[in-house]
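Colleague: I have a structure I would like to understand better, so I am pasting it below and will then ask my questions one at a time.
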Amino acid sequence: MKKTIIAQTLFGLFSALVLIGGQVNSAVAATPALEAKALKGDSVAASVELAPDNLLAPETQASLNQWLPELLKQINQLPEVQAQIARQQQAELAIAAADRAVYNPELGLNYQNADTDTYSLGLSQTLDWGDKRGVATRLAQLEAQILLADISLERSQMLAERLLALAEQAQSNKALTFAEQQLRFTQAQLNIAEQRFAAGDLSDVELQLLKLELASNTADYAMAEQAALVADGKVIELLGVDKLKFKEFIPEIGQLVSKMSPKADLPALTSAHQQVLLAKANAIKVKADTAADPTINLGVEKEGDDNKLGIGVAIPLQVRNNYSELQSVADKGIAIAEQDYLARERVLTAKQAQFANALPRLLTRYQDWRERVEASGGKAAKSLSELWRSGDVSTSEYLQSRRQLAASYLVGLNLETAIYQSWLTWMGDSGQLLSVIDNLADKSASISSTNAVPAE
């Protein structure tokens, strides 16, 4: 009979995991109450083990308007972002500077003191025959476009890094809450075990097993606490603060992945494409720089009583150097830029295929995990505790089953972390994250304004 009950219980345990804990703050706030009730036995153990299942990621779109605008505001105040804004302004000034005349006119004055005094006034102007000004403007525009593309990619990677740090902080806090609940639950069960031992209902070996389990839970809690401190430190390093109103958004990731097109243009390739255009513009610049720009001279001279007017044209002769080698160097630069673009495209295409193959499977497994947790996790944990308290399950089997439940829950946390890492890393490296986050922020802002109470 006991074997049948154990088998039925373990079948439910393998299909779900323990729903223990709440938010970290609520768990810490409840600490004195739990310690005060630790000697009440079964009721305390049941209340700890059947704590609210708030460790699961909330599936509410409305949560975005609580943290996303504040996060973007915090990121926009970072020195790195301010430096990017200054670089954009610098690029705009460079375009304005390039769109200026290349040659200024030259004014010459001359006086000769001789038997007949001579006065002369000359004005010369070199013509931009090779269109140096137009080429310089085009180069400045391309360099500005490359800069903007690089800044957009940097911003996407910056967002990905910081969102991932916040996600890992949230996961570490959930793991810390879980470890703390496990520790307090084991302490409550140990109190029950001591009462059963005093009543002769439990052997000394089983009591020692529970004490060893408590020691193991204490170590797990210490490790989880260290991991949470490391995660907090990373957030402080990247954002300057350790606490932000961050809510998990795995459901939104699933919606975005379902709408993604496998043939979408990748912003990360924009800079490489502009580099090819820049190389071609550099080849044109070589022709413009080496072009024979003529100079027109206009002179007025007075020698004694004679007035003279002179007009001249000077044209450089490219006899000793026709600059063909410089043109060949520029043409090679075009070939290099094109190959760099193809290499970058190949790498990103491979990453895109890997991402499109892996993340939907992770999301499917995650959804299965959530459904099983919500369906029968708490019931399985409650049944297991009742069987142990009634003596239908030995302490060793009970502890082994609890470890399996804990391992299953931690695997679920790792699955959530893997989803964040996969999506954020790809969206950051491909340059798509910035526009996606902006759209989410706009959507959450519209939801917030819709839900706002109108002023009287």
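The values are calculated or read from the model by the stated rules, or taken from the named source; none is laboratory data. Every value quoted in this text rests on a predicted model; they were computed, and no experiment measured them. With ideal geometry, Cβ positions are generated from the backbone for all residues, glycine too; neighbour counts draw on all protein chains shown. Side chains are part of the model used for accessible areas, which takes the heavy atoms of the whole protein and leaves out ligands, DNA and RNA. Shrake-Rupley method; radii C 1.70, N 1.55, O 1.52, S 1.80 Å.
Colleague: Per 0.36 nm of contour for each residue apart, how much would the distance between Q318 and V411 grow if the chain were fully extended, relative to their Cα-Cα spacing?
Modeller: Once the chain is fully extended between Q318 and V411, it gains 26.1 nm.
Colleague: Which FRET efficiency value, to the nearest 0.05, do you get for D117 and E345 by plugging their Cβ-Cβ distance into 1/(1 + (r/R0)^6) with R0 = 51 Å?
Modeller: The value I calculate is 0.10.
Colleague: From a point 7 Å beyond the Cα of S394 in the direction of its Cβ, which residues of the stretch 196-219 have a backbone N at a distance under 18 Å?
Modeller: In the stretch 196-219, the label zone of S394 (backbone N under 18 Å from the point 7 Å along Cα→Cβ) covers 197, 201-213.
Colleague: Each label point is 7 Å from the Cα along the Cα-to-Cβ direction; what then is the distance between the points at Q89 and D438, in nm?
Modeller: For the pair Q89/D438, the computed spacing is 2.0 nm.
Colleague: Among K174/K211; K132/K280; K234/K259; K174/K243; K73/K351, which pairs are too far apart, with a Cα-Cα distance over 20 Å?
Modeller: Values: K174/K211 25 Å; K132/K280 15 Å; K234/K259 32 Å; K174/K243 15 Å; K73/K351 31 Å.
Among K174/K211; K132/K280; K234/K259; K174/K243; K73/K351, the Cα-Cα distance tops 20 Å for K174/K211; K234/K259; K73/K351.
Colleague: What is the distance, in nm, between label points placed 7 Å from the Cα along the Cα-to-Cβ direction at A292 and at A335?
Modeller: 3.0 nm
Colleague: Further question on the same structure: Over what distance in Å are the Cα centres of the stretch 77-109 and the stretch 199-262 separated?
Modeller: Centre-to-centre (Cα) distance: 51 Å.
Colleague: For T218 and I284, FRET efficiency with R0 = 60 Å and r from the beta-carbon atoms, rounded to 0.05?
Modeller: 0.25
Colleague: Let me ask you something else. Provide the gained length on full extension for the span S328 to S261, in nm with one decimal, where the gain is 0.36 nm per separating residue minus the Cα-Cα distance.
Modeller: Full extension from S328 to S261 adds 20.0 nm.
Colleague: With the other protein chains left in place, how much accessible area per residue, in square angstrom, belongs to the stretch 79-170 at a 1.4 angstrom probe? Don't skip to the answer; put the middle values down first.
Modeller: Numbers: 5340 Å² over 92 residues.
Computed with neighbouring chains in place, this is 58 Å² per residue.
Colleague: Quick one: length gained pulling K302 to V205 fully straight, 0.36 nm per residue minus the C-alpha distance?
Modeller: Here the segment from K302 to V205 would lengthen by 22.6 nm.
Colleague: Related question: Once you keep just the Cα pairs under 8 angstrom separated by 6 or more residues, what percentage relative contact order results for the stretch 123-249?
Modeller: About 32 percent, as a whole number.
Colleague: Sequence gap at least 6, Cα distance under 8 Å: using those rules, report the relative contact order of the stretch 198-357 to the nearest whole percent.
Modeller: Dividing the mean separation by the residue count of the stretch 198-357 yields 21 percent.
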